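Chemist: Following this message is one structure expressed as structure tokens.
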């Protein structure tokens with residue numbers, strides 16, 4: 001299927017498309033405003049093989065926009081918007097003054113410099129794959145696949161990425177991805193039990209086996225919201241790091257963020273962190289069964305910073 005748009009469809013399972021079995025290939029697809037159960041809204045793969053492809057010609061690249069809500073598509077997360085109209089040649093530097101410009105500019109070995117404050121209408125997805133000729137065939141890397149590495153997002157020391165108290169700011173996923181965020185204020189991020197990836201990462205969610213550097217950044221006033229039940233928990237209001245990652249924080253501040261555990265930063269098992277010349281202040285916890293503050297959570301497997 002080429003250049004297919006799945007728009008405003010509804011089903012409990014697979015609002016946009018349900019794949020029961022067999023093989024299917026999507027080239028340059030676009031999923032928008034499909035509804036259904038969380039985790040199934042855009043697509044559901046019950047069985048079979050799926051191949052995704054932006055359809056970019058050789059020498060042009062596109063990493064897409066937003067996160068495809070698909071159950072069991074593959075171990076790789078793909079974007080909702082993979083239309084080949086976004087394909088562009090590689091350059092080492094781009095500027096961004098809007099969310100659309102920022103998302104369109106995401107590419108390997110590139111510095112993106114903010115030229116204005118950006119208030120989000122959805123999370124910015126940084127998804128580490130490049131499917132110039134083909135996507136990923138359910139766990140088997142194809143010849144043209146490449147990781148998203150060398151990406152630098154630069155706030156120029158004066159600009160802000162604002163979730164508006166409604167959206168997570170960054171969703172960074174797929175093993176091998178390498179991102180540096182520097183000189184940027186990230187604020188008012190929000191995620192809850194109704195958001196994708198549950199209650200992890202109010203301002204920033206980072207998946208497993210990813211390398212992230214944060215240099216000269218401020219992460220503030222963000223929330224990883226607990227659910228309505230006392231057993232619901234939330235992690236990493238400022239930053240949630242998945243397992244087996246590498247994190248470097250230098251000259252940065254995490255302040256007035258709130259989660260059940262790791263209100264500033266939450267590190268999952270196997271992640272190695274170097275934190276230098278940085279401050280964690282006025283972060284607070286949701287207490288167990290209450291909304292009161294509590295002390296930091298530490299264990300041999302998980303580390304939390306900033307209360």
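Coordinate-derived values only; no laboratory data. Just so we're clear, the structure is a prediction, and the values are computed from it rather than from any experiment. Neighbour counts are summed over all protein chains in view; Cβ atoms, including those assigned to glycine, are modelled from backbone coordinates with ideal geometry.
Chemist: PRE reach from residue 156 (point 7 Å along Cα→Cβ): which of region 106-129 fall under 15 Å by backbone N?
Modeler: It comes to 111-119, nothing else.
Chemist: Also, quick follow-up: Residue separation times 0.36 nm, minus the C-alpha to C-alpha distance between residue 58 and residue 122: what's the value?
Modeler: 20.1 nm
Chemist: Also, quick follow-up: Could you please state, rounded to a whole Å, how far the C-alpha centre of region 65-91 is from the C-alpha centre of region 149-201?
Modeler: Centre-to-centre distance over Cα atoms comes out at 17 Å.
Chemist: Give the shape of region 22-104 as rounded, prolate or oblate, defined through the alpha-carbon gyration tensor: a ≥ b ≥ c are the square roots of its eigenvalues, a/c under 1.5 means rounded, and otherwise the shape is prolate if a/b is larger than b/c and oblate if not.
Modeler: oblate
Chemist: Of the beta bridges DSSP finds with both residues in region 1-138, what % are antiparallel, to the nearest 5?
Modeler: Counting DSSP beta bridges with both partners in region 1-138, the antiparallel share is about 15 percent.
Chemist: Rounded, prolate or oblate: pick one for region 200-284, where a ≥ b ≥ c are the square roots of the eigenvalues of its C-alpha gyration tensor, a/c under 1.5 means rounded, and failing that, prolate if a/b is larger than b/c, else oblate.
Modeler: oblate
Chemist: For the residue pair residue 75 and residue 250, what label-to-label distance in nm results when each label sits 7 Å from Cα along the Cα-to-beta-carbon direction?
Modeler: 3.2
Chemist: Extension gain residue 33-residue 147, at 0.36 nm per residue separation less the Cα-Cα distance, in nm?
Modeler: 38.2 nm
Chemist: Something else: For 254, 6, what's the fewest-to-most ordering of other Cβ within 10 Å of each Cβ?
Modeler: 6, 254
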